Amino acid sequence: MNTAYIIAGYRSAVGKSGKGFFKFTRPDNLAADVVKHLVASVPGLDKEKIDFMCAQSALVALKKIDTVLGVMGEDENNQSDEIVELIKRRNMARDNKEWAVADGIRKELDAMGIVLEDTSEGTIWKKK
């Protein structure tokens, strides 16, 4: 495996904001935006050669950096698996017209501080 380094800078927010544009933006999404812009800043880079292992390596590096910054919210990442599973159960209940079950799951997510938005592409969730 070849090693590549991108030596460049990109300005971004560090973590969630209490108000404004980044209010509902997760820190890992902010990090993804930075990586996307850094990769785009390298004119000769063949983006097709960036595979899963490269992306995983970048994530490991970001997690190491986050041990100092503490903004990525590892607890949130663990919690997101539970949230996704609840949303799947809710969507199945809706598909089966089990409205009381679906409403109960929505209330459970609401108590966890999760807001749901049902779109034509699927259900989107975000923290309150």
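Could you tell me which of the residues Asp46, Asp51, Asp66 is modelled with pLDDT of 70 or more and surrounded by 14 or more Cβ atoms within 10 Å (Cβ to Cβ)? Spell out how you get there, then give the answer.
Values: Asp46 fails: surrounded by 14 or more Cβ atoms within 10 Å (Cβ to Cβ); Asp51 fails: surrounded by 14 or more Cβ atoms within 10 Å (Cβ to Cβ).
Asp66 is the lone residue from the list that is modelled with pLDDT of 70 or more and surrounded by 14 or more Cβ atoms within 10 Å (Cβ to Cβ).
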Sole miss for Ala31 among (1) at pLDDT below 75; (2) assigned to a loop (DSSP other than H, G, I, E, B) is condition (2)
Per the filter on region 92-119, residues under 20 Å from the mean Cα position of the chain (by Cα) and among the polar types (S, T, N, Q) are Thr119
Here the residues within region 90-121 that are loosely packed, with under 15 Cβ neighbours inside 10 Å and assigned to a helix (DSSP H, G or I) are Met92, Asp95, Trp99, Ala100, Asp103, Gly104, Lys107, Glu108, Asp110, Ala111
The condition from (1) more than 18 Å from the chain's Cα centre (by Cα); (2) at pLDDT 75 or above; (3) surrounded by fewer than 10 Cβ atoms within 10 Å (Cβ to Cβ) that Met1 misses is numbered (2)
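The values are calculated or read from the model by the stated rules, or taken from the named source; none is laboratory data. Not measured: the values here are computed from a predicted model. With ideal geometry, Cβ positions are generated from the backbone for all residues, glycine too; neighbour counts draw on all protein chains shown.
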